Each structure stands twice: as C-alpha cells, then as structure tokens.
Amino acid sequence: MSLGQIPKPASVGGRGLEPGENPNVRKALLTAAVVVGLALMVLLGRLWYLQLLKGEYFRLLSENNRIRLVDLAPSRGLIFDSEGRLLADNRPAFTLAVIPEDVADWATLTRRLHNLVGLEPEEVAKARRAAQGQPPFKPVVLRNHLDREQLALVETFRYELPGVKVLVRYQRAYLAPRLASHVIGYLGEINQEELEKSNRAVYRMGDWVGRYGLEKSRERVLHGRRGARQVEVDALGREIKLLKEVPASRGADLTLSINLDLQKAAAKALGDRVGAVAALDPRDGKVLCLYSSPAFDPNDFITGMTTEEWKKLSDDERHPLKDRSISGMYPPGSTYKIITSAAGLAEGAINLTTSFFCAGQMPFGRRSYLCWAYKKGGHGHTDIHKAIRESCDVFFYKTGLKLGVDRLAKWARAFGLGRPTGISLPHESPGLVPDSKWKKKRFKEAWQEGETLSLAIGQSFTLVTPLQLARMTAVVANGGMLVTPTLVKTVTPPGGEPVPAPEPVKTRVPIAPEHLKTIVSGLSGVVNEPHGTARRARLPGITVGGKTGTAQVVALKFEKSFGKAENVPWKYRSHALFVAFAPVENPTIAVGVVVEHGGHGGSDAAPVAAAVMRAYFGIPEPEPPQPPQAAQPKPKPQPKAKPTPKAKPQPKKKPAGRGAGA
C-alpha cells in the first residue's frame, strides 16, 4: 500500500482523534456532561419556582406552623343578692386539653393518658369527634376539673404527652347553694347538638352554659365575649412569645331583688318539709324571696356527679330539682275565697250587708256540702267580713252559686291566675282556671252547678303556683294593680355602671276601692281578731293581713277512713296554704306559702309566712317556750344531833341540794 492509500483517522465532535485516543471514552464523557447540564437546569428551575413564584406561600405556611391563635374563654358574670352578697362566683380550675395537629400517635397517647390520670378511651374519642370541623390547632377539652395530683402528673410527664395542654379556666362556684339553687340554677357542658345550633363566635366545645334558673334564662348576658392570643410556639408546641392579644370580656353581673336573709328564714321555717315560699313587693313586683324545698347543691353539677349520685337525685320522690315556687301547681283551697269575694262584690252578687246563715252544711241537689265548722254547728249568720275572717264555706258556696263558673273564672284570670306570671325563669307553670268551655273540651261534659260550689272555696279543678298566690295577694294589698314579678334589679356590664331593670308591667284590675277595702278588712281579721284562722301569723308592732287554705288531695271520706290524722299516708294528706301581706296600712310585702301534704293553713303554713315577714321587718325570732321545770323532791329531814353533856346544842343542817339564802 502506498502512503497515499492509508485512510485518514475519524474525527469526533469536529475534532480529529489524537494519536492513541479511544473514541468510546470520548463519547461517554460527552453524554455525562449533557446529563449533568440538564439536571442543573431542572434544579435551578425548581429553585426559581419555589423562591420566586411560591416563596410567599411557603413563608406563610412556615409561620402557621410557628404561630398559633389561642382561644380565650370569658368568665361568667357574677350574681349578687339585693344587699350585694355574692351568690355565684368564678374560681380558677384546671382543664386537660389536646391540640389534634400535634398528635402523631393517638393510640399511644390514649394509653398513656389512661395510665396516668385514668382517662377512658371513649373520652379521647369524644374529643377527636369534637375536633372535626374546627382548625386542628384549636385545643379540644379532654377532661374538666383536674385535681392537684392529676395536674402534677401531667406536668411531670408532659414531654411524653405530645399535644396535651393544661388550660386554666374559671368554673362556677355557688356560695349559698341550698338557699337559692332553684333561682340561680346551674350549668352544664355544651353538647355537640347545642354547639351546631349556636354562634361559633361565642361558643366552643368545652364551654359551660346555663341549664336551669337564671343561669339559663340570662345565659346571653352572663356568658361574656371571647378573646384570643396570637403566640409563637417552638417545635414542642410551647408558647415562647406573645405577638398579639384581644382580651376576653367577662359577662355582665346581675344584682337580684331576692334577699338572702329571707331565703334563710324560709328554709329554716320549712325545714325538711316539702313546699315553697314566694314573696314580692306589691308596689313594684320585685321578688323578695323565692324558695323551694327540698333544695339541691348546684355545685354538684360543676364538679360532676357519678351515675349513682345522679340516679339518687333524679329518683328522689320529693323531686328536689323541681322549683315548686313557680312550677308546683296546687289547689288553692280557701285562699281562693279572695277571688270569690272580689267577684261577688264586683258583680253585685253580694254587698257589705249580705248575710247568709251557716248551719255547718248546705243541702244542694242530692247531697249536702259541708262547712269546715260543721262539727261546731256552723257559723250562724255571716256577712262577708265574718266569712273571710272565719273562712265560712257556706257563705262562699252561696256566693259562688250566684256568680257561676264563668264569672268566677273571669275574676280569677284578672287576679293573674291561669297563666304564667312573666317572671324571668324557665319552667314556669301556668296553673289552671277552669270554666264551662274548658270542661266541655277536656271531658266532653257540661259544667255542673255542684262543681261551682267546690270551685268557690278552691277545691275544684283550679291549680295555682305559690308565686301566683303571692301575686294575687299583691293585687289586694296595692289597691288593685296586677304586677309582673321581677328578679333582676340591675345589670352591670364589665367596667360599666349598673343599669336598672326596666319598669315592671302593671295592669289595673277593675275592682272598686271600697270593695278592696272590705276584703282587706276581712283579711286583717283573719290574723288579728278573735275567731280568726291565722293568729299564728301575728307580728309584734306590725298589722298583718292573710288568708288560710287547706286543700284536700283525696276525698274527705277516704281521708277519714284512716282514723287519726297521723295515720293518713303522707301523699294523701291535705296541702297547707297561706297568703299574707303587711303592714295592712301600707303593704310592702306579699307572701304565698304552700306546704305539701302539710296539714292546715293556719297551723302549718302561716308560721312559715310569719318567719319570712319577721326577717323582712327585722323582728327577732320569738324565743322558744321554756319547758316547765320538774318538781324537785322534798329533801328528807335530817335527824337532830343529840347534845352531849355540857355541850352546846348543834344547829340544824340545811336541806341537801339547796344553797344559803334559798
């Protein structure tokens, strides 16, 4: 081969191969360079995307992991009695909570909490369900009312409990628990259904809301307004810096018209008996006393009750949770004779000179209607003053018969019976005022005249509450005005001045002043004149007016079948009622008392009203009568000492047990 025939070396990349250079190596290096270049371009593009296009988004995301909004629950408004004595306060308490987004392993956390503080798995599951639908950084309550020992354990092992927090919250404390439990009421933890229906800006899971009494009816005023804190937290969720805060605003304070001294007097006078007392100022309707027996301790609802404790309370046959002062309904007995008197005078069925003869019974139809004094032969000739004073049934039988059921019903309603009083408490009963239409609708039967006789003395279908009795009495005491009872004197917003409650609604009852004067005179005679039925309601220096009532629960014949009164089972005994007002000349208090199955109005209910009025007027309680001292046995005479010879006679010894000068 000639020199010109030798082939030229191949070139790569436009450059010829050097002598001894491997073409495959050169290709591999070139490929690697291209791949690295492309990877760098992708990485740079991604950095450009993250830093420039999405930089703000990821900055906010980082801050959200570092910055949290902490909810601040408000404390409830305080409640005071009329003299400024604290009835409902707030005390600090510890709540166990969890922040859901900080929990990676719920099973482990549940097990640790169970071992540490006895938290049941269902309690944790309930908290997880409650957390649904709210931001994951919001704490959810696991358990309220941690005790000191549980608090110490949680704080000791906090690093093993990711997401678990101890919150300091205020819990309700009732300082006169059994004296005003039905008026003030109690709280309960809000449930999921209530939360869904409520304003989420106001309520959160774990909040406490009113369940009864004023706590319920004034919930919006007492609850307060939520606040919030914006804080910076570390990797463990601990707060390290406060960024911004909007303080929570406490609820408004309530000052009530009830007086704690009167509540105490009512509680002491009723003792263990079942019943209720209502007292108000007849001039403006301010409630001075509202007490129901037996009472309960509302603090038990805050600290929590066991299933057994709740069952015992709810199954108690005396029903301590029932507010008898506004929801207990009773036949009015002879206190209804105030209505019959007013209706009879106003409608012209009787006048000041009307006199009926009472022989102890009144024949009507095929039976005789007895007067309570039938064993004494009745009351004889009786006008309205004597009839009210001595509670003559025959006089009111005849008056009621002249009036008829519908006119009696009209005047009962005019005096506030048969409908709620309008007091700002839940669960008030309306009572019942029957008329001919009511019976036709209820029983599909016509009203019978014989039923009117029973109605006229308060023994028919009529039902009243103790507060309605006090309100009815106030109409007589204040000159014919039906007032709406009010409990709240002032509402004081946080940092503000007390705001008086609106003026109560008053309605004029169309009864002539001279007729009211006649009724007042008779009611004064009930307490202060001979033969009056409520002499045990007298007060020193104060003229009291009142009316007794004894309402049968079963037929008199059935009650008599047990023989002596003490043999009658409690549930079959008559209710004792009494209404009163004082001073008669210018009344400032009207009272209604019911003692369930208590016996007689004059002997059992009147002393309760007297005790409340003594507290109102500042009259000391009468000293209990001292039991007569037992007769001391005559000392045996001591034998005379025989004189010794030439000795002076010994003096006689004094009788044993008696001192010198006795």
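The values are calculated or read from the model by the stated rules, or taken from the named source; none is laboratory data. Treat the numbers as computed from the prediction; the structure is a model and nothing was measured. Cβ sites come from the backbone with ideal geometry, for glycine too, and all protein chains shown count toward neighbours.
Evaluate the stretch 301-310: report whether one residue or more is closer than 22 Å to residue 596 by Cβ and either part of a loop (DSSP other than H, G, I, E, B) or among the charged types (D, E, K, R) (or both).
No, every residue in the stretch 301-310 fails to be closer than 22 Å to residue 596 by Cβ and either part of a loop (DSSP other than H, G, I, E, B) or among the charged types (D, E, K, R) (or both).
As a summary of the residue check, residue 476 satisfies the conditions (1) outside any loop (DSSP other than H, G, I, E, B); (2) surrounded by fewer than 22 Cβ atoms within 10 Å (Cβ to Cβ) except for the one numbered (2). Is it the case that residue 517 is in the same structural domain as residue 481 (by TED's automatic domain parsing), under 31 Å from the mean Cα position of the chain (by Cα) and at pLDDT 95 or above? Considered against the rule, which asks whether it is in the same structural domain as residue 481 (by TED's automatic domain parsing), under 31 Å from the mean Cα position of the chain (by Cα) and at pLDDT 95 or above, residue 517 comes out as no. The listed residues are 265, 278, 295, and the only one of them that is within 20 Å of the chain's Cα centre (by Cα) and in a loop (DSSP other than H, G, I, E, B) turns out to be 295.
Listed by first and then second residue, the pairs linking a residue in the stretch 122-136 that is in the same structural domain as residue 196 (by TED's automatic domain parsing) and part of a helix (DSSP H, G or I) to a residue that is surrounded by 12 or more Cβ atoms within 10 Å (Cβ to Cβ) and among the β-branched types (Val, Ile, Thr), with Cβ atoms under 7 Å apart and 6 or more places separating them unless they lie on different chains, are 124/110; 127/98; 127/140; 127/141; 130/140; 131/140. Per the listing 210, 237, the residue uniquely modelled with pLDDT under 95, in contact with a helix residue (DSSP H, G or I) (Cβ under 6 Å, 6 or more places away or on another chain) and either under 30 Å from residue 164 (Cβ atoms) or buried (at least 21 other Cβ atoms within 10 Å of the Cβ) (or both) is 237.
Can residue 244 be described as part of a helix (DSSP H, G or I), touching a residue at least 12 places away in the same chain (Cβ under 8 Å) and more than 23 Å from residue 476 (Cβ to Cβ)? So residue 244 does not fit the description; no. Of all residues in the stretch 478-497, none satisfies the criterion of being modelled with pLDDT under 95 and of a type in the set (Val, Ile, Thr).
Within the stretch 414-453, the set of residues being touching a residue at least 40 places away in the same chain (Cβ under 8 Å), under 29 Å from residue 361 (Cα atoms) and hydroxyl-bearing (Ser, Thr, Tyr) comprises just one member, 452. Is there a residue being in contact (Cβ under 8 Å) with a residue 12 or more places away in the chain, touching a Leu at 6+ places or on another chain (Cβ under 8 Å) and under 17 Å from residue 612 (Cα atoms) anywhere in the stretch 215-236? No.
Return the residue satisfying two criteria in turn: it lies in the stretch 554-571 and is more than 35 Å from the chain's Cα centre (by Cα) and loosely packed, with under 10 Cβ neighbours inside 10 Å, and of such residues it is nearest to residue 458 (Cα to Cα). Looking at the filtered set, the residue picked out is 557. Restricting 460, 454, 424, 429 to those that are assigned by TED's automatic domain parsing to the domain that holds residue 397, assigned to a helix (DSSP H, G or I) and surrounded by fewer than 24 Cβ atoms within 10 Å (Cβ to Cβ) reduces the list to 454. Of the residues in the stretch 294-310, at least one is buried (at least 24 other Cβ atoms within 10 Å of the Cβ) and at pLDDT 95 or above.
Output the residue which, of all residues in the stretch 130-171 that are farther than 28 Å from residue 301 by Cα and of a type in the set (D, E, K, R), is nearest to the chain's Cα centre (by Cα). Among those residues, the one meeting the criterion is 158. Counted as qualifying within the stretch 490-603 are the strands (runs of 3 or more DSSP E) with 1 or more residues that are hydroxyl-bearing (Ser, Thr, Tyr), namely 506-508, 545-551.
Could you list all residues from the stretch 383-421 that are aromatic (Phe, Trp, Tyr) and not in a helix (DSSP H, G or I)?
We begin by selecting, within the stretch 383-421, every residue aromatic (Phe, Trp, Tyr); these are 395-397, 411, 415.
Selection gives 415 alone.
Examine the stretch 315-333 for a residue that is more than 17 Å from the chain's Cα centre (by Cα) and in a strand (DSSP E or B), and state whether such a residue exists. Yes, there is a match, as at least one residue in the stretch 315-333 is more than 17 Å from the chain's Cα centre (by Cα) and in a strand (DSSP E or B). All told, residue 139 meets the bar of being farther than 30 Å from residue 258 by Cβ, out of contact with any Ser or Thr (no Cβ under 7 Å at 6 or more places or on another chain) and modelled with pLDDT under 90. Checking each residue in the stretch 508-538 for being under 30 Å from residue 420 (Cβ atoms), of a type outside the set (D, E, K, R) and loosely packed, with under 13 Cβ neighbours inside 10 Å picks out 510, 512, 513.
Taking the criterion of being in a loop (DSSP other than H, G, I, E, B), under 30 Å from residue 484 (Cβ atoms) and basic (Lys, Arg), the only residue of the stretch 215-241 that qualifies is 218.
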